[in-house]
1. Of the numbered conditions (1) outside the structural domain of L410 (by TED's automatic domain parsing); (2) in contact with a helix residue (DSSP H, G or I) (Cβ under 8 Å, 6 or more places away or on another chain), G207 satisfies every one except a single condition; which is it?
2. Is one or more of the residues making up the stretch 49-67 among the acidic types (D, E), within 23 Å of R198 (Cα to Cα) and loosely packed, with under 13 Cβ neighbours inside 10 Å?
3. What residue, among those in the stretch 111-120 that are loosely packed, with under 15 Cβ neighbours inside 10 Å and not acidic (D, E), is nearest to L75 (Cα to Cα)?
4. I'd like to check something: does the stretch 383-391 contain any residue that is within 30 Å of A229 (Cβ to Cβ), of a type in the set (S, T, N, Q) and in the same structural domain as W343 (by TED's automatic domain parsing)?
5. Only one of (1) among the hydrophobic types (A, V, I, L, M, F, W, C); (2) in a helix (DSSP H, G or I); (3) in contact with a Lys or Arg (Cβ under 6 Å, 6 or more places away or on another chain); (4) under 26 Å from P375 (Cα atoms) is not met by L257, so which one is it?
6. From the list H260, H202, H253, exactly one residue is closer than 20 Å to D120 by Cα, in contact (Cβ under 8 Å) with a residue 12 or more places away in the chain and either loosely packed, with under 15 Cβ neighbours inside 10 Å or in the same structural domain as M407 (by TED's automatic domain parsing) (or both). Which is it?
7. Answer with yes or no whether T368 is of a type outside the set (A, V, I, L, M, F, W, C) and buried (at least 19 other Cβ atoms within 10 Å of the Cβ).
Amino acid sequence: MRRPDLDPVSELTLRSLLGHPYKRLDLSRLEDVLVERLIGRDLDDALSRLGHPPSKEAAQRRMARTRSAAARSALRDAVEPWPEPWAREWAGTAIRAGLHGGLDADDVRTVVHDVRRLLDYLGNTASKPPHSPHSVSSPNPGDFLGPPPDHHSDEVEPTGITASPFVSRTDLAAMLFGSAHALDPGLRLTAFVTRALRLHVHEDLTGRELWEAAGIQADRVSAPALVWAVPATGHSALAELLRSAADGGLPLHTSLLALHQHPVSVPAHTQVLAVENPRLVEAAAERDLASCVVATNGNPTTAVTTLLDQMRASGATVWYHGDFDAAGIAICRRMHDSGCRPWMMTANDYHRAISIAHEGGVRLELDTKACGPTPWDPPLEPAFNRSRQIVHEEYLLDDVLDTFSLMTTLSSRNDT
């Protein structure tokens, strides 16, 4: 600190302690000298014995700094044994976010222990290498001889949770931490946990999407899959409901609970179009489209991925179309990694969509973010990153649905 103005006696005393005058005071060195001379246990105690006790506010600030330093050190030390390569990064982000504020070292160790318990429950899947998907190509929308064979349909791991026990966030909180509300939004533990989960799933997600990506559900009845014309087989209650809805010209919401109790199957070689936006399901119903359409409504919920996995398991081919923006291309990449085939999501499709928009006098918005890799069509990544023009799926609604309907019609003729 900057040395204050002192009277001659105080100046002489300070010089006798430190040896010569300084423009700035090193409080740590001054404390060491006072302790060596047995004047006090620390700086505060020595000043108090000399008749100059520090203010309560200063003492509290000093104590808070000491407490914070101990908490930071405890957090870094506690993650050292973790097997995850991102453990130190997680500790650093938590510290920079100030999540340790007001906690002492023991409190921090307890929080780290709780986060570790949750990660252990999830099976430490973040430390396992991700599945390497096979690359596929999108078809030319103007030239169909039927869909290409699904060479890798049996090789791609499913994305749903049908093979894993269902666990809700509230059940998990009660089981691990003794309270169903322990992982509620806004709590300190939840803030620590969600930062760990983002690194665990390797996705910058938030809210429900983040929990579901980690295999933790909010429940099994909200966030259902919106479907149109699912040609369900079998005699389960859900299969009959899906067929009745299709016959009646009605889109249907299908819950995860229903999909768990009555898994859906469809005829082999069924062509399914998964789309990002519900408007396309509505449009399919309006035109009584013969093809099956499923909306992901942005990032797909577990109900959506479960339904798509079930249909693929029974021999369906699932295609995906979404927005041409950074977020939409990221969703397409995840769907591709899960075994879906991108539909009209190539660089040529992107350039064509931009041309149609410009010819129609539409001013397209620009994306501030670059898109990531596009392994199904590598030229799409540089094409989008150069242009950054956003083309929403709804703008291409007619083209996407009509072309898919044509493909499914030709495919069914070839099958017969």
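The values are calculated or read from the model by the stated rules, or taken from the named source; none is laboratory data. Small disclaimer: the values here were computed from a predicted structure and weren't measured. Here the Cβ positions follow ideal geometry from the backbone for every residue, glycine too, while neighbour counts run over all protein chains shown.
1. Exception for G207: condition (2).
2. no
3. First, pick out the residues of the stretch 111-120 that are loosely packed, with under 15 Cβ neighbours inside 10 Å: 113, 117, 120.
Filter once more, so that each one left must be not acidic (D, E): 113, 117.
Working: H113: 10, R117: 16 Å.
Checked the stretch 111-120; the qualifying residue nearest to L75 (Cα to Cα) is H113.
4. Step one: of the stretch 383-391, the residues within 30 Å of A229 (Cβ to Cβ) are 390-391.
This time we only want the ones that are of a type in the set (S, T, N, Q), so: none.
Looking for residues that are within 30 Å of A229 (Cβ to Cβ), of a type in the set (S, T, N, Q) and in the same structural domain as W343 (by TED's automatic domain parsing), one finds none in the stretch 383-391, hence no.
5. Among (1) among the hydrophobic types (A, V, I, L, M, F, W, C); (2) in a helix (DSSP H, G or I); (3) in contact with a Lys or Arg (Cβ under 6 Å, 6 or more places away or on another chain); (4) under 26 Å from P375 (Cα atoms), L257 violates only (4).
6. H202
7. Values: of a type outside the set (A, V, I, L, M, F, W, C): yes; buried (at least 19 other Cβ atoms within 10 Å of the Cβ): no.
No; evaluated as a whole, the condition is false for this residue.
Rundown of residues vs (1) assigned to a loop (DSSP other than H, G, I, E, B); (2) of a type in the set (S, T, N, Q); (3) touching a residue at least 12 places away in the same chain (Cβ under 8 Å), yes/no style:
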{"site": "D184", "(1), (2), (3)": "yes, no, no"}
{"site": "V221", "(1), (2), (3)": "yes, no, yes"}
{"site": "A246", "(1), (2), (3)": "no, no, yes"}
{"site": "G249", "(1), (2), (3)": "yes, no, yes"}
